[in-house]
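Student: Got a structure here, written out as structure tokens. Questions coming.
The values are calculated or read from the model by the stated rules, or taken from the named source; none is laboratory data. Keep in mind it's a predicted model, so treat the numbers as computed, not measured. Glycine gets a Cβ as well: all are built from the backbone with ideal geometry, and neighbour counts include every protein chain shown.
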Amino acid sequence: MKLFEKMNKYLADQEVMYIKLHNLHWFIYGEGFFTLHAKFEELYNYTADIIDDVAERILAMGCTPVASLKKALLLTTVEELEDEGITKNDAMHQLVTDMEYWVKNTKEIISLAEEEGDVVTADLFTGYLSEYEKTLWMLRAYIK
């Protein structure tokens, strides 16, 4: 089932992104610290909700979600960060790149779900797409 495989990879990406957002939250420094520190916390909390929702949707489909970091790291394409300080500009570059990936990836899952007639999954991911596009717009506005 192509949809399940894509969703499980999406879940693995989210699991790694959750850690990456904590990294950004902990290691951001300099200009924009207070704003970005709070934003990263908001984003990792949202990511935690996505992880739970997607895993439960996969289970409802009768499949097994990736539930270990070892397996998630084998499936993910999300680039991890080093445990070191990061400036506003570098953090924004990372986050914009990641949000562009999430928009593209989420659209692919919506298309697959629609092809398979899975309106529940399409609806779930359409909500994510709306949030990702809004976040990407806000990040780009913040950088200008």
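Student: Within the set of pairs 6+ apart or on separate chains, which have a first residue in segment 123-143 that is under 15 Å from A113 (Cβ atoms), a second that is among the basic types (K, R) and modelled with pLDDT of 95 or more, and C-beta atoms under 7 Å apart?
Tutor: L124/R57; L129/K107
Student: Condition first: of a type in the set (S, T, Y), under 23 Å from E5 (Cβ atoms), in a loop (DSSP other than H, G, I, E, B) and modelled with pLDDT of 95 or more. Can you find one or more residues in segment 125-137 that meet it?
Tutor: For segment 125-137, residues of a type in the set (S, T, Y), under 23 Å from E5 (Cβ atoms), in a loop (DSSP other than H, G, I, E, B) and modelled with pLDDT of 95 or more: absent.
Student: Taking the condition of being out of contact with any helix residue (DSSP H, G or I) (no Cβ under 9 Å at 6 or more places or on another chain) and among the hydroxyl-bearing types (S, T, Y), how many residues in segment 93-144 meet it?
Tutor: Residues flagged as out of contact with any helix residue (DSSP H, G or I) (no Cβ under 9 Å at 6 or more places or on another chain) and among the hydroxyl-bearing types (S, T, Y) within segment 93-144 amount to 2.
Student: Then there's this: On the basis of being part of a helix (DSSP H, G or I), surrounded by 13 or more Cβ atoms within 10 Å (Cβ to Cβ), within 14 Å of the chain's Cα centre (by Cα) and not small (G, A, S), does L24 make the cut?
Tutor: Yes: the conditions hold for L24.
Student: OK, next. For segment 83-108, which positions are charged (D, E, K, R), touching a residue at least 40 places away in the same chain (Cβ under 8 Å), surrounded by fewer than 16 Cβ atoms within 10 Å (Cβ to Cβ) and under 17 Å from W26 (Cβ atoms)?
Tutor: D83, E84
Student: Still on this structure: Test each condition in (1) buried (at least 19 other Cβ atoms within 10 Å of the Cβ); (2) in contact (Cβ under 8 Å) with a residue 40 or more places away in the chain; (3) out of contact with any strand residue (DSSP E or B) (no Cβ under 9 Å at 6 or more places or on another chain); (4) within 23 Å of A141 (Cα to Cα) for G32 and report the one that comes out false.
Tutor: (1)
Student: Oh, and also: Which of (1) in contact with a His (Cβ under 8 Å, 6 or more places away or on another chain); (2) of a type outside the set (S, T, N, Q); (3) buried (at least 16 other Cβ atoms within 10 Å of the Cβ) does E41 not meet, given it meets every other one?
Tutor: (3)
Student: Filter segment 50-67 for residues that are assigned to a loop (DSSP other than H, G, I, E, B) and farther than 14 Å from Q14 by Cβ; which is farthest from the chain's Cα centre (by Cα)?
Tutor: Once the filter is applied, the top-ranked residue is G62.
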